[in-house]
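Q: Let me begin by handing over the structure; questions about it come next.
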Amino acid sequence: MRKIDTLKKNYEFKNVINRGKFYRGKYVTIYITKNKEEKNKIGIAISKKLAKANKRNRLKRLIRESYYLKKDELEKGHNIVFIWNRQADILNNNFKNVSKDILKLFEKAGLI
């Protein structure tokens with residue numbers, strides 16, 4: 001199984017969200033800060049108010065896979081938090097749209 005380093009603690013998420021720069025896309029908003037390590041760490045947040053657990057988990061899988069495919073092209077040493085936009089349609093999304101949106105955000109942020 002492939003390994004992606006993740007942010008797990010609440011204070012890690014808060015630190016990135018409060019201190020990081022953000023970039024808003026159609027489906028996802030990303031917050032980015034520098035870290036002192038030579039690898040990227042990611043966190044994914046989707047509100048419970050948006051959908052039931054199976055839909056939220058599917059969105060997390062889509063975001064994680066989109067990140068994984070571009071992981072080698074990104075600059076190292078960043079904490080990245082992905083937050084699903086509330087206005088985005090949860091039921092009618094697919095991997096292609098989410099992946100394209102995340103790629104545009106990485107280009108905006110200058111990580112690629």
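Q: Given the structure, is residue 97 outside any helix (DSSP H, G or I), touching a residue at least 40 places away in the same chain (Cβ under 8 Å) and not hydrophobic (A, V, I, L, M, F, W, C)?
A: It is false that residue 97 is outside any helix (DSSP H, G or I), touching a residue at least 40 places away in the same chain (Cβ under 8 Å) and not hydrophobic (A, V, I, L, M, F, W, C).
Q: Also: Among the residues of segment 66-94, count how many are in contact with a strand residue (DSSP E or B) (Cβ under 7 Å, 6 or more places away or on another chain), among the polar types (S, T, N, Q) and in a loop (DSSP other than H, G, I, E, B).
A: So the answer is 1.
Q: Oh, and also: Any idea how many residues of segment 1-32 are β-branched (Val, Ile, Thr), crowded, with 17+ Cβ neighbours inside 10 Å and either part of a strand (DSSP E or B) or free of Cβ contacts under 8 Å to residues at least 12 places away in the same chain (or both)?
A: 4
Q: Where residues in segment 37-65 are in a helix (DSSP H, G or I) and out of contact with any strand residue (DSSP E or B) (no Cβ under 9 Å at 6 or more places or on another chain), which of them is surrounded by the fewest Cβ atoms within 10 Å (Cβ to Cβ)?
A: 54
Q: Take the residues in segment 75-112 that are farther than 20 Å from residue 13 by Cα and among the hydrophobic types (A, V, I, L, M, F, W, C); name whichever of them is surrounded by the most Cβ atoms within 10 Å (Cβ to Cβ).
A: 98
Q: Is it true that residue 108 is touching a strand residue (DSSP E or B) at 6+ places or on another chain (Cβ under 6 Å), at pLDDT 95 or above, in a helix (DSSP H, G or I) and over 18 Å from residue 6 (Cβ atoms)?
A: Here the answer is yes, as residue 108 does meet what is asked.
The values are calculated or read from the model by the stated rules, or taken from the named source; none is laboratory data. None of these values were measured; they are calculated from a predicted model. Glycine also receives a Cβ, built like all others from the backbone with ideal geometry; neighbour counts cover every protein chain displayed.
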